[in-house]
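The values are calculated or read from the model by the stated rules, or taken from the named source; none is laboratory data. Predicted model only: the values in this text are computed from it and were never measured. Here the Cβ positions follow ideal geometry from the backbone for every residue, glycine too, while neighbour counts run over all protein chains shown. Side chains included, ligands, DNA and RNA excluded: accessible areas come from the protein's heavy atoms. Shrake-Rupley method; radii C 1.70, N 1.55, O 1.52, S 1.80 Å.
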Amino acid sequence: MPSVHTSSTPPREFLVEVKRQDAPGRPSYWERFRVPYESDMNVISVLQKIAELGVNADGKRVPPVAWECNCLEEVCGACTMVINGRVRQACTALVDKLLADRPAGIRLEPMTKFPVIRDLVVDRTRIFATLKKIKAWIPVDSYLDLGPPLRQSQEMQEIAYVLSKCMSCGCCMEACPQYLKIEVKRLPGESEDDYRRREAEITNRHFMGAAAIAQIDLFNSHPVGKMNSRDRLDALIAEGGIQVCGNAQNCVKVCPKEIPLTTSIARMGRAATIHMFRNWFER
């Protein structure tokens, strides 16, 4: 058995339990690994060590655990997973802290709100499809010299900076009780384009999530982005929009960038109400 971890005596090894799945739609199962302790480890280095060892806790040779990562500094959002029951980034989840909180070992699971591709890798296509739906970009007519940019107040710059830190990691969606898992299965003989089109139609009818609402807040506050504000507000009040939010406030608690998501939700709630009345009176 792994030795018990204390602050004064590091363990020689520790137990890691991983919820695995071999392919989309396949049943999941738990697999245990014993990992030699090293100082300054994070969960990414734990997964790298598991791949290096190549065997599980019973000494059986097994395929390495699949996971995603890129920046290793909490910027890309790719390594989001559920660690010891809490959704977070694997690159900033330090082993010493995890073992201090749970000496029995570390439990790794994929996010539950997205279809599993393999092991800890999930399909986050829905997140980026929602960004397209809300037009989360600043339109540019051309790349010619358009003159000096429109001025933005210092207060709005500070608000925009905080909102722009969103990395589409999915933490807020994983914690949200209104954001439900949607897994569309491909029909026999269905082309890839038809499948993706049908998938988009289905997912567009479900809650967009706190991150998308905050991005509408971000781009509608931009001097140029305001030109498309009504399109974004139309998406905000459409099926799956802000009216689905139950104000559980889980999103703001788990956001790794500490974005004030509930503040954006409140601002966009007011904007949505005004937008609906404006649409009504302009009929």
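Over every Cα atom in the stretch 60-101, the radius of gyration and the widest Cα-Cα span, Dmax, amount to 11.9, 35 Å.
Suppose every Lys and Arg Cβ carries +1 and every Asp and Glu Cβ carries -1, with no other charges. What dipole size does the stretch 136-188 come out with about its Cα centre, to the nearest 20 debye?
Numbers: 5 positive and 6 negative charges, 74 e Å.
In total the dipole reaches around 360 debye.
What net charge do the residues around ARG26 carry, taking every other residue with its C-beta under 10 Å from that of ARG26, with Lys and Arg at +1 and Asp and Glu at -1?
The answer is +1.
In order along the stretch 134-145, the Karplus-derived 3J(HN,Hα) couplings, from 6.51 cos²θ - 1.76 cosθ + 1.60 at θ = phi - 60°, round to 8, 6, 7, 7, 9, x, 10, 6, 7, 9, 7, 5 Hz, and Gly and Pro are given as x. Taking one quarter of the surface of the convex hull spanned by the alpha-carbon atoms of the chain gives a direction-averaged projected area of 19.8 nm². Within the stretch 88-206, all pairs of alpha-carbon atoms sorted by distance into 5 Å bins from zero give the percentages 2, 7, 12, 15, 15, 13, 11, 10, 8, 4, 2, 1, 0. Computed with a 1.4 Å probe over protein heavy atoms only, the accessible surface of the chain comes to 55 Å² per residue. Between helix 210-220 and the chain, what is the angle of the helix's C-alpha long axis to the longest principal axis, kept within 0 to 90° and rounded to the nearest 10? Computed tilt is about 40 degrees.
A dipole drawn for the stretch 124-282 from +1 and -1 charges on Cβ atoms has a positive end, and of VAL162, GLY147, LEU261 the residue lying farthest that way is LEU261.
The dipole here belongs to the chain: it is taken about the Cα centre, uses +1 on the Cβ of Lys and Arg and -1 on the Cβ of Asp and Glu, and is about 620 debye. Site pair TRP280 and ASP231 shows an inter-label distance of 2.7 nm when each label is modelled 7 Å from Cα along Cα→Cβ. Using the Cβ-Cβ distance between ARG86 and TYR29 with R0 set to 22 Å, the FRET efficiency works out to roughly 0.50.
Cysteines in the chain that lack a partner Cβ within the 4.7 Å cut-off: CYS91, CYS166, CYS169, CYS171, CYS176, CYS245, CYS255. Annotation: the stretch 13-118 has a Kirkwood hydrodynamic radius of 14.0 angstrom, from the mean reciprocal C-alpha pair distance. Tell me whether the stretch 175-268 comes out rounded, prolate or oblate; compute the Cα gyration tensor, take square roots of the eigenvalues as a ≥ b ≥ c, and use a/c under 1.5 as the rounded threshold. Oblate is the answer for the stretch 175-268, as a/c is 1.5 or above yet b/c matches or exceeds a/b. For the stretch 126-262, the dipole from Cβ point charges (+1 on Lys and Arg, -1 on Asp and Glu) about the Cα centre works out to 200 debye, to the nearest 20.
In the stretch 13-118, the DSSP beta bridges split such that about 85 percent are antiparallel, to the nearest 5. A simple spin-label model places the labels of ALA160 and VAL62 4.9 nm from each other, with each point 7 Å out along Cα-to-Cβ. Hey, quick one: spin label on LYS253, modelled 7 Å out along Cα-Cβ, who in the stretch 170-185 has an amide N within reach, i.e. under 19 Å? Only 170-180 fall inside the zone, counting backbone N under 19 Å. The stretch 124-282: D in µm²/s via Stokes-Einstein (Kirkwood Rh, Cα pairs, 37 °C, 0.692 mPa s)? Estimated via Stokes-Einstein, D reaches 195 µm²/s.
The candidates PHE14, PHE128, PHE219, arranged from most to least accessible area with a 1.4 Å probe in the full protein assembly, appear as PHE128, PHE219, PHE14. Considering only beta bridges that DSSP places wholly inside the chain, some 85 percent are antiparallel. Averaging Cα coordinates gives a centre for the stretch 48-77 and one for the stretch 135-187; these two points are 31 Å apart. The modelled label-to-label distance for the pair LYS185/ARG198, using points 7 Å beyond Cα in the direction of Cβ, is 1.1 nm.
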